[in-house]
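Here the structure comes first, spelled out in structure tokens, and everything after it is commentary.
The values are calculated or read from the model by the stated rules, or taken from the named source; none is laboratory data. From a predicted model like this one, the values you see are computed outputs, not experimental measurements. A quick note on method: Cβ atoms are made from the backbone with ideal geometry, for glycine too, and the neighbour counts reach across all protein chains shown.
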Amino acid sequence: MDGFAADTPPFFPVTAGLPPRPLHVDLPPTGFEEPLEGLQQETLDLVRRFARDVLRPEGAALDRLTPEEMIAKGSAYWSVIQRHKALGLGALAEADLSPAAMVDLQSMISEELGWGDSGLAIALGGGGLPTTMAMRWGRQDLLEAFPDTLLGSWGITEPVAGSDMLDWERAAAYPQGDYSRPSMMATLKGDKVVLNGQKSAWVSNGVTADFCSLFTTFDRGQGREGINIYVSLNQPGVTRGKPLDKMGQRAVPQGEIFFDNVEVPVRFIAAGPDQYADAVHDILCEANAGMGTLFVGVARAAYEHALAYAHERKQGGVPIIHHQNVRYRLFHMMRRTEAARALARRVARFNALSGMRALHASIASKVTCTQTAFDVASDALQMFGGNGMTKAYPLEKLLRDARASLIEDGCNELLSIKGGSLLVDTARL
Ligand SMILES: Cc1cc2nc3c(=O)[nH]c(=O)nc-3n(C[C@H](O)[C@H](O)[C@H](O)COP(=O)(O)OP(=O)(O)OC[C@H]3O[C@@H](n4cnc5c(N)ncnc54)[C@H](O)[C@@H]3O)c2cc1C
């Protein structure tokens with residue numbers, strides 16, 4: 001009886017009244033999520049069907065096309081955009097859900113779309129980003145001039161200034177360095193803003209969008225300034241480059257936008273020079289948090305493929321899931337995906353509900369979730385062995401898609417320096 005008190009029996013009837021101990025728990029796609037409310041579950045089911053039946057097969061097919069074929073009239077890229085609109089998710093804004101339940105639902109929708117196909121999810125999310133920002137900033141006039149029936153884009157990076165345009169306040173700048181002359185410039189002429197120059201080849205939907213929320217340097221002779229202005233891309237002076245032929249997320253078309261004396265009414269300015277830094281901060285807050293939730297979906301997709309394959313593929317006469325090391329690796333893929341999801345949801349809630357929009361929170365979500373997506377996709381590919389390398393299986397595409405996310409919306413290292421700069425409290429120095 002060593003180890004037990006004299007009056008303690010060696011066995012305890014603790015299992016009385018408990019359900020049988022499960023040997024296997026089939027988690028729902030939402031992971032360790034408590035049961036959802038009616039509208040949340042219904043909406044998620046709708047989006048999940050769209051992700052499974054539309055985004056996944058169409059994303060895989062678009063991945064094989066040339067960039068020119070991808071954006072040609074009649075391509076599935078266009079029908080996916082229409083079918084997404086037909087889901088009517090915009091009406092959710094009026095739904096009778098608590099603010100927290102609404103934010104959670106938006107996070108789950110983003111994850112589902114990323115699970116379906118991250119390239120198409122970026123095309124849809126990036127396409128709607130200018131509308132989201134105009135709504136947040138209370139710019140009804142911009143919403144009317146650029147209704148959500150049009151396809152949007154966010155143009156900030158330039159050929160000579162990628163990271164630099166995202167680091168407007170120079171939080172990550174080398175002290176002896178100077179940001180080079182921008183690739184495009186806005187000037188004022190009466191009640192018009194005149195645009196000259198170009199944006200980078202990386203603008204998502206850059207070659208297809210109807211309009212752009214343009215973040216550009218602004219010259220009124222008062223040093224380095226910027227403005228955010230909404231610009232129709234179907235007007236004289238605007239031309240597009242060749243669609244980019246790239247490694248991952250091939251279902252989101254990208255390419256340069258050129259501006260040659262393009263005149264835009266000043267009323268389309270969303271943020272003037274005095275609010276420009278705030279606008280960059282705010283859109284990065286939104287975009288980075290969105291990247292977080294979306295790439296949880298990519299991590300989950302990779303994990304699910306690996307889990308299924310481990311039950312099917314036999315080596316040593318048994319499904320490989322019988323090998324301890326395979327179980328160990330699957331467990332860590334599940335754990336990392338779940339941890340990334342928890343952070344992404346928490347950040348989305350914090351930014352929406354705390355009255356504070358913390359860019360370092362959004363960056364933490366983006367950096368963690370994209371790195372998790374890449375790591376889990378890489379581990380999943382390894383679990384597929386040689387099959388992981390072939391286009392007959394989904395892993396090589398998932399890995400390519402996840403790789404792009406470490407650069408997209410700001411390289412993770414630059415973002416991390418920016419995030420760190422927000423921890424500095426000069427009052428304590
Ligand atoms: C899939 C995808 C989608 C995108 N969508 C859009 C979009 O919709 N709109 C848009 O405008 N742009 C978009 N981009 C562009 C993207 O934001 C840039 O590619 C990114 O910010 C990096 O810029 P860059 O490519 O010019 O690299 P550079 O800025 O040239 O960076 C090169 C390297 O130097 C490092 N570096 C640069 N500066 C610093 C610094 N100060 N401190 C430490 N390291 C530094 C970077 O981390 C990187 O490793 C997209 C990119 C991708 C891949």
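Taking segment 162-190 as the range and being without any contact (Cβ under 8 Å) to a residue 40 or more places away in the chain and near the ligand (Cβ under 7 Å from one of its atoms) as the test, the residues that pass are Asp164, Ala173, Tyr174. May I ask you to list the residues in segment 57-96 that are closer than 17 Å to Gly126 by Cβ and of a type in the set (A, V, I, L, M)? If the condition is that a residue be closer than 17 Å to Gly126 by Cβ and of a type in the set (A, V, I, L, M), then Leu62, Met70, Ile71, Val80, Ile81, Leu89 are the ones that fit. Of the strands (runs of 3 or more DSSP E) lying entirely inside segment 201-316, those carrying at least 3 residues that are in contact with a Gly (Cβ under 8 Å, 6 or more places away or on another chain) and among the polar types (S, T, N, Q) are 211-218. Within segment 396-424, being crowded, with 19+ Cβ neighbours inside 10 Å, farther than 21 Å from Ile156 by Cα and either within 12 Å of the chain's Cα centre (by Cα) or within 12 Å of the ligand (Cβ to nearest atom) (or both) holds for Asp401, Ala402.
Total residues in segment 126-146 satisfying the condition of being surrounded by fewer than 24 Cβ atoms within 10 Å (Cβ to Cβ), closer than 16 Å to Thr208 by Cα and not aromatic (Phe, Trp, Tyr): the figure is 2. Check segment 112-119 and report whether any residue there is small (Gly, Ala, Ser), out of contact with any strand residue (DSSP E or B) (no Cβ under 7 Å at 6 or more places or on another chain), outside the structural domain of Gly241 (by TED's automatic domain parsing) and within 12 Å of the ligand (Cβ to nearest atom). Yes - at least one qualifying residue is present in segment 112-119.
Count of segment 176-193 residues, restricted to those that are surrounded by 16 or more Cβ atoms within 10 Å (Cβ to Cβ), outside any loop (DSSP other than H, G, I, E, B) and touching a Gly at 6+ places or on another chain (Cβ under 9 Å), is 2. When Gly90, Gly138 are screened for being assigned to a loop (DSSP other than H, G, I, E, B) and either without any contact (Cβ under 8 Å) to a residue 60 or more places away in the chain or acidic (Asp, Glu) (or both), only Gly138 passes. The condition (being more than 26 Å from Met165 (Cβ to Cβ) and in a helix (DSSP H, G or I)) is satisfied by just one residue among Thr372, Thr368: Thr372.
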